[in-house]
Amino acid sequence: MPHKKIPMTFFLLTAMLFFSISPATAATKNELKIKNIPFKKTTENEKYEDGEILIKYKKSKINLNEKSGKDKANVLEISKGLQKIRDLENLNIRLVKTNGSVEESLSELKKKDEIEIAEPNYARNPLLIPNDTYFGFQWGPHNTGQTLEIGNPLVQYTGSADADIDAPEAWDGESVLNSEVTVAVIDTGARLTHEDLSANIWANPEEIADNGLDDDSNGYIDDMRGWDFNDNDNNPNDAQFLVGSDDISGHGTFISGIIGGASGNGRGISGISSKNKIKVMPLRFDLYLSSELEAIDYAKNNGAKVINASFGSLYFSQLEKDAIDSFPGLFVAAAGNEGVDNDSTPQYPCSLSSSNIICVASSDQNDNLSSFSNYGASSVDIAAPGENIASIYNDADNSYVYGDGTSFASPFIASSAAMLWSKNPSYSVSEVKNKLISTGDNMKSCVEAGRISSGKRLNLKNLLDDSHILISSSVCTPAYRFYNPRNGDRLITTSESEKTKVLNMSDWKYEGIMFY
Ligand SMILES: [Ca+2]
Ligand SMILES: [Ca+2]
Ligand SMILES: [Ca+2]
Ligand SMILES: [Ca+2]
């Protein structure tokens, strides 16, 4: 994995992109730490081999090490319509088969005094770790506490095991996913030919290529794989994109890789779906509102269920809000990278009141809020991995880099929303949004948890797990903090009504929520 890191950059245009990227330089420094992943057994989504039952006999009554015991077991089993498969003699357990219902057989067997335990032959699945070469560097999906070496000079970043979204655990159940779901990425485009992305770029099913006609009558001619609203052509490739003298291209490719990196192809990284169910619709725009509006409209009219918006601005736009309100899917916005409170300094689109927006902060390898990440106890909804993220880059078809920014936390949420829709196509936008927020893991510290409304970081496994039990939201008590600039006094209250009262007093300045 390349490891050079450059400073985070901001673009003070109509829209800013929230990121920094570490360009490819040298070859992999650290060894993959993926080789000794234990064979994890899952207790959830239990499924069992059809018709198979394990019977543990009481040794005092039936001893399978003795012929007389085997005979007694045979008689009992035949009377219940069971056929022996094999004995686990040392354990005094027999594996049998029924032609009828496992549940009915079990309830019969449980009545028998000779039997200690009878259970279905439950399936135990290995934790799915994809074979992608750099998966070991992807702490966001699967944090083993691995150390990443990034920068010049190299800096080591060590994480905490399981400060991650539990992707492999979620992938265990991914066979239940139904359909392909498309995430529109409104950004600098995507390198369409990248070896680890091309297979997961959205393809317009109704359009015929290169015939000069708008076959699907969507207003765009030969739009096979999205659209370029910057150059107004059908090629949203992530090409040079100058802002002043800075080339900011690569941003959209990087995001697209997090969402749709080809999984299980033996190279590079893995996107959010190990079965490659999530497709990326690249919509290249010029970082201005005009083409943002066109891109939202395109996403809406061409089947995207989710839009990823890793950009922002300090300026409210009614047109932007109207466009987002008219989008029938989930609009995922990055919180921004100034380390400020979006509640007091609104960032748009993140801070818009539209009910279909989810605004995303960045968490690090240790489940802290990234120091650069904006936050907001009411405007920012959830955190997702956004620091030292490994993904693909646009300078070659086999280029891989690390990047930082809420820009790269947002696509974790966007693609996870798409995964939930793949499993439950009938879910409403609010169901998807609420489930994303409520099934996360609590952030490491109460103070940081208090900076985002849910206090949580994404957990894909919990999101997709219907049987996940919601733990009541937070163990932290919120308190409201005020400052009096005239005498330097501080006032802290946990009472909502007192907070409202003090907010209306002119000499106190509200400083936000803190948590105990
Ligand atoms: Ca984990
Ligand atoms: Ca068309
Ligand atoms: Ca055509
Ligand atoms: Ca791959």
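The values are calculated or read from the model by the stated rules, or taken from the named source; none is laboratory data. Because the structure is predicted, anything quoted here is derived from the model rather than measured. Cβ placement follows ideal geometry from the backbone for every residue including glycine, while neighbour counts extend to all protein chains displayed. Only protein heavy atoms, including side chains, enter the accessible area calculation; ligands, DNA and RNA are left aside. Shrake-Rupley method; radii C 1.70, N 1.55, O 1.52, S 1.80 Å.
Do the conditions hold for Leu283, that is, is it open to solvent by 40 Å² or more (accessible area, probe 1.4 Å), assigned by TED's automatic domain parsing to the domain that holds Gly226 and not in a loop (DSSP other than H, G, I, E, B)? No; evaluated as a whole, the condition is false for this residue. For beta carbons closer than 6 Å, sequence separation of 6+ or different chains, a first residue in segment 416-428 that is charged (D, E, K, R) and a second that is in a loop (DSSP other than H, G, I, E, B), the qualifying pairs are Lys423/Leu177.
Taking Gly260, is it surrounded by 24 or more Cβ atoms within 10 Å (Cβ to Cβ), at pLDDT 95 or above and in contact with a Ser or Thr (Cβ under 8 Å, 6 or more places away or on another chain)? Yes: the conditions hold for Gly260.
Checking each residue in segment 422-446 for being hydroxyl-bearing (Ser, Thr, Tyr) and surrounded by fewer than 20 Cβ atoms within 10 Å (Cβ to Cβ) picks out Ser426, Tyr427, Ser428, Ser430, Ser438, Ser445. Filtering segment 142-157 to residues that are farther than 27 Å from Leu436 by Cα and open to solvent by 20 Å² or more (accessible area, probe 1.4 Å) leaves Thr147, Glu149, Asn152, Pro153, Leu154, Val155, Gln156, Tyr157.
Give me the residue from segment 164-205 that is more than 18 Å from Lys305 (Cα to Cα) and among the small types (Gly, Ala, Ser) and, out of that set, surrounded by the most Cβ atoms within 10 Å (Cβ to Cβ).
Per the stated criteria, the residue is Ala190.
Taken as a whole, the condition of being free of Cβ contacts under 8 Å to residues at least 12 places away in the same chain, open to solvent by less than 50 Å² (accessible area, probe 1.4 Å) and of a type outside the set (Lys, Arg) applies to Asp214. The set of residues in segment 213-238 that are in a loop (DSSP other than H, G, I, E, B) and charged (D, E, K, R) comprises Asp214, Asp215, Asp216, Asp222, Asp223, Arg225, Asp231, Asp238.
Out of everything in segment 233-262 that is farther than 16 Å from Thr193 by Cα and not aliphatic (A, V, I, L, M), what residue ends up being nearest to ligand 3 (Cβ to nearest atom)? Only one residue tops the list, namely Asp233.
Comparison of Ser198, Ser175 shows that the only residue that is more than 16 Å from ligand 3 (Cβ to nearest atom), small (Gly, Ala, Ser) and under 16 Å from Pro130 (Cα atoms) is Ser175. In the condition set (1) without any contact (Cβ under 8 Å) to a residue 60 or more places away in the chain; (2) among the charged types (D, E, K, R); (3) open to solvent by 20 Å² or more (accessible area, probe 1.4 Å), Asp222 is compliant with all but (3).
Suppose we filter segment 116-153 for residues that are within 16 Å of ligand 1 (Cβ to nearest atom) and modelled with pLDDT under 90; how many remain? Qualifying residue count for the region: 6.
This table checks each residue for (1) charged (D, E, K, R); (2) out of contact with any helix residue (DSSP H, G or I) (no Cβ under 9 Å at 6 or more places or on another chain); (3) assigned by TED's automatic domain parsing to the domain that holds Lys275; (4) open to solvent by less than 20 Å² (accessible area, probe 1.4 Å).
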| position | (1), (2), (3), (4) |
| --- | --- |
| Leu82 | no, no, no, yes |
| Ile85 | no, yes, no, no |
| Glu89 | yes, yes, no, no |
| Leu95 | no, yes, no, yes |
| Glu108 | yes, yes, no, no |
| Glu116 | yes, yes, no, no |
| Tyr134 | no, yes, no, no |
